[in-house]
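K.L.:
Once you've had a glance at the structure underneath, I'll fire off some questions.
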Amino acid sequence: MIRLRMLPGEDGDCLLLEYGNGEFIRRVLIDGGRAGTYPRITSTLAGLDGLIDVLVVTHVDQDHILGVLALLNDPQRSVQFSDVWFNGFDQLLDAEGFGAQDGELLTTALMEQEIPWNAAFDGRSIEVGRPVDWFADGSTMEVLSPDRTQLEKLAPAWMAECARHGLIPGVDPEPDVPGFERFGTVDVEELAASPFTPDTSRTNRSSIGLLFEFEGKRIVLTGDADDRRLVSSLRPRALEEGGRLHIDALKVAHHGSGHNLSNDLLDLVDCDRYLISTSGARHAHPDDIAMARILTHGGPEKEIVFNYRERAELWDVDDLKTRFGYSVTAPPEEDGFVTLDF
């Protein structure tokens, strides 16, 4: 059994991966979305028998971390954690011990509550090339991003970035960029062929990206990871399989930003499902350019899964689906919730 639930992270990410067989079940929660996400997922968490094996906090942006802070600061929360994966200030420097930056809220919560932190990495940073002490259950988990250079580049600006991205429980920021709706049609081929400009955000480049495998299935979980780093990590695996790595699902990085998804990456994978996690608030993700790249370079047969119906409607167009060989899946009832079985 492999099940991935896309939860209502608003314009962010909140994903629950569950897998197992008749003898065990594992649960991995990836990010927590916005502050408003946690009240909407309490009933989901209450049904998990009280334990999440791994909580992954990919990076410090508000749309990934505010819901985690709400969860950790709830004294009545229904779940505990066997390990939390998060690169704090000391992990950026790969230092031992803790310094003045321990006042950062997530670090403080983990320490005060004595929650295991990066135990699978001996307390050190989560980065490319570092082995994972993963479960001996037939599954594997590989770190695709970030690398040491990306972590070190974030370190000098850590405090300023944390303040700018508002690590304040329950408080969402004012929109950085106003949302907008697209009117009319788009020239898919022209957009897909436009030059790729990579994301320059230091926090996004520090985002944890993972490749999960179990019983012949592969899922790539990207957070807001840097496209160039993902390409470098996936290329050797793709070459081993003749040029393309078959994956069952790709959580599209940074909610479908055109700066985080290149044709180079898409040309390395043979992907069945592309997952778009966003309500479109604040930045109106996914970008037309990212979607155009998926349509033209994402393979001849593909499913594009949205966890908000309004974002799906822009691309649930019969002419486009016929021309580019894709189907669209969106929540049948409540926005934010989609369950995928593999």
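K.L.:
How far apart, in nanometres, would the label points at Thr296 and Thr42 be if each is projected 7 angstrom from Cα along the Cα-to-Cβ direction?
P.N.:
Result: 4.8 nm between the two label points.
K.L.:
At a Förster radius of 22 Å, what calculated FRET efficiency corresponds to the Cβ-Cβ distance of Thr329 and Arg3, to the nearest 0.05? Mind showing how you got there, number by number?
P.N.:
Details: r = 15 Å, r/R0 = 0.67.
Given R0 = 22 Å and the Cβ-Cβ separation, E is 0.90.
K.L.:
Have a look at Val79, Val252, Val220 and tell me which one the Gaussian network model of the chain (Cα, springs below 10 Å) gives the largest fluctuation.
P.N.:
Taking springs between Cα atoms under 10 Å, the residue moving most is Val79.
K.L.:
Can you count the Lys pairs in segment 2-341 whose Cα atoms are under 17 Å apart, with each pair 8 or more apart or on different chains? Provide the component values of the computation, followed by the final result.
P.N.:
Numbers: Lys217/Lys251; Lys217/Lys302; Lys251/Lys302; Lys302/Lys321.
Lysine pairs meeting both conditions in segment 2-341 amount to 4.
K.L.:
Considering the Cα positions of segment 196-283, please state its Rg to one decimal place and its Dmax as a whole number of Å.
P.N.:
Reported Rg and Dmax, both Å: 12.6, 40.
K.L.:
Here's another thing I want to ask about it. Residues with amide H under 5 Å of Gly9's amide H, sequence separation 5 or more or different chain, H placed in the peptide plane at 1.01 Å from N; which?
P.N.:
Cys14
K.L.:
Provide the three semi-axes, in whole Å and in decreasing order, of the ellipsoid equivalent to the chain as defined by the square roots of 5 times the Cα gyration tensor eigenvalues. Can you show the working numbers first?
P.N.:
Values: eigenvalues 173, 95, 89 Å².
After scaling each eigenvalue by five and taking roots: 29, 22, 21 Å.
We did not get these values from a lab; they are worked out from the coordinates using the rules stated. The structure presented is a predicted model; accordingly, all values stated were derived computationally and were not measured. Positions of Cβ are generated from backbone atoms using ideal geometry, with glycine treated the same way; all protein chains shown enter the neighbour counts.
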